Amino acid sequence: MAVYNISINQGESYNLDASLVNSSGTSVNLSGYYLRGQARYSYGSTGVLLNLSPTITSAISGAINISLTPTQTAGLPTTIAVYDIESYVSGESTVNRVLNGSFSISPEVTR
């Protein structure tokens, strides 16, 4: 699992491309896996702030992407939240947290 803190500005596009590696520095092979991810106000929150809808861009090299539109980010409240991304196998027999951290949203001034 890797830690990466996300900073977003309201009303802007956001794009994160990440390459996942294990503790020995080898790419994590995501073949046969799916991804899911959410941002929440805190770890114990029951409500979801945002579904991140991460995608696998190269399964063999462990490359993933999170893309948010200006419309999505404009609707977010100014806050410091948390997020994580999990890889899982259909049926959820195997679930791994592959990325997590803080999720900071700065206010938009120009509209």
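Each value in this text was obtained by applying a stated rule to the coordinates, not by laboratory testing. Given the structure is predicted, the values throughout are model-derived calculations rather than measurements. Using ideal geometry, Cβ is built from the backbone for each residue, glycine included, and neighbour counts are taken over all protein chains shown.
Quick look at the values:
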{"read-out": "Using a Förster distance of 30 Å, the FRET efficiency for residue 93-residue 55 (Cβ separation, nearest 0.05)", "value": "0.90"}
{"read-out": "Amide H contacts under 5 Å for residue 10, placed H, 5+ residues apart", "value": "106, 108"}
{"read-out": "Net +/- balance of residues flanking residue 86 in space, Cβ distance below 14 Å, scoring K and R +1, D and E -1", "value": "+1"}
{"read-out": "Within a Gaussian network of the chain (alpha carbon springs, distance under 10 Å), most fluctuating of 53, 93, 23", "value": "93"}
{"read-out": "Full-stretch length increase - residue 65, residue 1 - with 0.36 nm per residue and alpha-carbon distance subtracted", "value": "21.5 nm"}
{"read-out": "Efficiency of FRET from Cβ geometry, residue 19 and residue 104, R₀ 22 Å, rounded to 0.05", "value": "0.50"}
{"read-out": "Extension gain (nm, one decimal) between residue 29 and residue 45, 0.36 nm per residue minus Cα-Cα", "value": "2.7 nm"}
